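None of the figures in this text is laboratory data; all of them are computed from the coordinates on show. The structure presented is a predicted model; accordingly, all values stated were derived computationally and were not measured. Neighbour counts are summed over all protein chains in view; Cβ atoms, including those assigned to glycine, are modelled from backbone coordinates with ideal geometry.
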Amino acid sequence: MGDERKLPNPGLTLPNSLTTFLILLSVTSTSSSPQKTRPPLPILPLPSSSQLSWQLSNMALFLHFGPNTFTDSEWGSGHADPSVFNLTRLNASQWVSVAKEAGFSRVIITAKHHDGFCLWPSEYTNYSVKSSPWRDGNGDVVGELAKSARDFGVQLGIYLSPWDRHEKTYGLTKEYNEYYLGQMTELLTWYGTINEVWLDGAKGEGAKDMEYFFNCWFGVIHQLQPGAVIFSDAGPDTRWIGDESGVAGSTCWSLFNQSAAKIGGTDPLYSRGGDPQGHDWVPAECDVSIRPGWFWHASEVPKSALTLLDMYYKSVGRNCLLLLNVPPNSTGLISNEDIQVLQEFKELRNSIFSNNLARNAVLHSSSTRGGVDHNSEYESSNVIQDSINTYWAPEEDQSDWVLYIDFEEPVTFNVLQVQEPIHMGQRVIQFHLDMRNEDEEWNKVIDGTTVGYQRLLQFPSVKSKHLRLVIDKSRADPLISYLGIFLDPFSILRNVSDTSSGSNRTSKANKSDSGSIHPFWPPESFAFNYFCISSHYILKSTIEEKVTRDGKVDGQI
Ligand code: FUL
């Protein structure tokens, strides 16, 4: 009898040569399709899918509109006659197209502000558009906005103020909670998909005392619109950042303890920074107005595009969403000067962030999950792909976490962008960027704390061929989904608080009397950029403090 091996199937025997052939075949096929490297485990807490889509939208446009627009007030008394709400040209499509054009993918309307006037024909009160001369009392601002938002593919949010200075049941806890929930139910069932519900604990002095049944409201909102995020001082889905100037803490966690925050009485410092020990995922939203007031006033002018850019760095660039208020005027349209600033703001962002210098670099890392760098699922070059789903992951149990960025020619830059794949949890606690000088020594360019969805760090311009991003501290193995290296020729650095311990160059910067730093004013390339970078740039009208609004350059330049 020849040499026969038993195969697992009892009763079937094969000649020795065939067995050898099959073994060889199985070895070959194993090596040609290696097993996929297992993904790292996420670290809790994690965002819900609506929180993720909220965060990915980066910016939303707030629309404060109502009787206050016509009475030149901010906090209406609740007694303005509905006849003041009289306008001829309301055009919600203009609001939405302005938002979309300027790069905002969500609009949020004050369906009811503190004055209690409803921009939709609520069946629970007559203090609404129903009693106004606008469209003979048949108009519905929320309805028109919802339709335009759907037509333009823009998401919709509503602000329903709990504090109501008109409604007679306000102050009677049970009755008013019923009233509020009745109105909320109308808004969440009449207008299709609502992506965000915005409410706050604002109350003027002397407002009647009463209890809001927040948990009951939140339950109903999630029931009626499961995809909506709820904003308040304390979440549950997104939290107030703690100021109304569009500025987040330079350390900003999406981790938070909801139980430690109270709507209408939060500690702004806790909100600014979040909580590295927090059990809840409650990322922050930075609400700020393009004008001094929240409502439109004939006497006010919008902030400059450069100011908005600075806010962008300090909100979106600090792991938050920027909620920029652009109030429609008393004709029912967004004013031209606001539109111009929004356009300039968009062009500034495009001009800076469309050219990631790191795309021309060769990337490698201190280690890669799965053991190899290139061709691994978690390779370092993932960080220049525009997707949160691809990321660099280091091998487990490493003492160093470093991404190297090597250029063929030296590059000049002054902005670093870092992103984490937040669906895997927020991890990075501390990091820094180094550059290598001609003597092969590494010098720190900038350091920062927390990354989250997106971190932007500004610093005085530097030039180098070799960079490294070092993660100094992390809650778990750090994962990096994006790395950007940019040159911003427009911003004037007023303070570089992010360089708390870093840049050598910072110490060489000029300190102004106020202590703010203008490290590279004017930047070498400024004159060129200012006048020539783009024929459709109208920066002249918006460079704050340097140029007056009528286009005259004031003494400083
Ligand atoms: C605050 C309100 O009191 C302001 O009027 C404005 O609506 C702002 C966004 O929220 O709480």
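Things worth noting here:
- Segment ARG89-TYR124, length gained on full extension (0.36 nm per residue, minus Cα span): 9.9 nm
- Cα gyration tensor category, rounded, prolate or oblate, for region 49-353 with a/c compared to 1.5: oblate
- Residues in region 33-54 that a label on GLU396 would reach, taking backbone N under 11 Å of a point 7 Å out along Cα→Cβ: 38-41
- Exposure proxy order (Cβ contacts within 10 Å, fewest to most) of LEU181, LEU469: LEU181, LEU469
- Sorting LYS473, LYS203, LYS303, LYS314 from the fewest to the most surrounding beta carbons within 10 angstrom yields LYS473, LYS203, LYS303, LYS314.
- DSSP beta bridges fully contained in region 26-161 are about 10 percent antiparallel.
- Mean separation of Cα contacts under 8 Å (6+ apart) over length of region 49-353, as relative contact order %: 21 percent
- Global geometry of region 109-227, whether rounded, prolate or oblate, following the gyration tensor of its Cα atoms and the 1.5 cut on a/c: oblate
- Global form of region 56-184, assessed from the alpha-carbon gyration tensor, a/c cut-off 1.5: prolate
- The length gained by stretching the chain between GLN430 and ARG150 to full extension, at 0.36 nm per residue less their Cα-Cα distance, is 96.7 nm.
- Inter-part distance where region 395-412 and region 277-343 are each reduced to a Cα centre, Å: 36 Å
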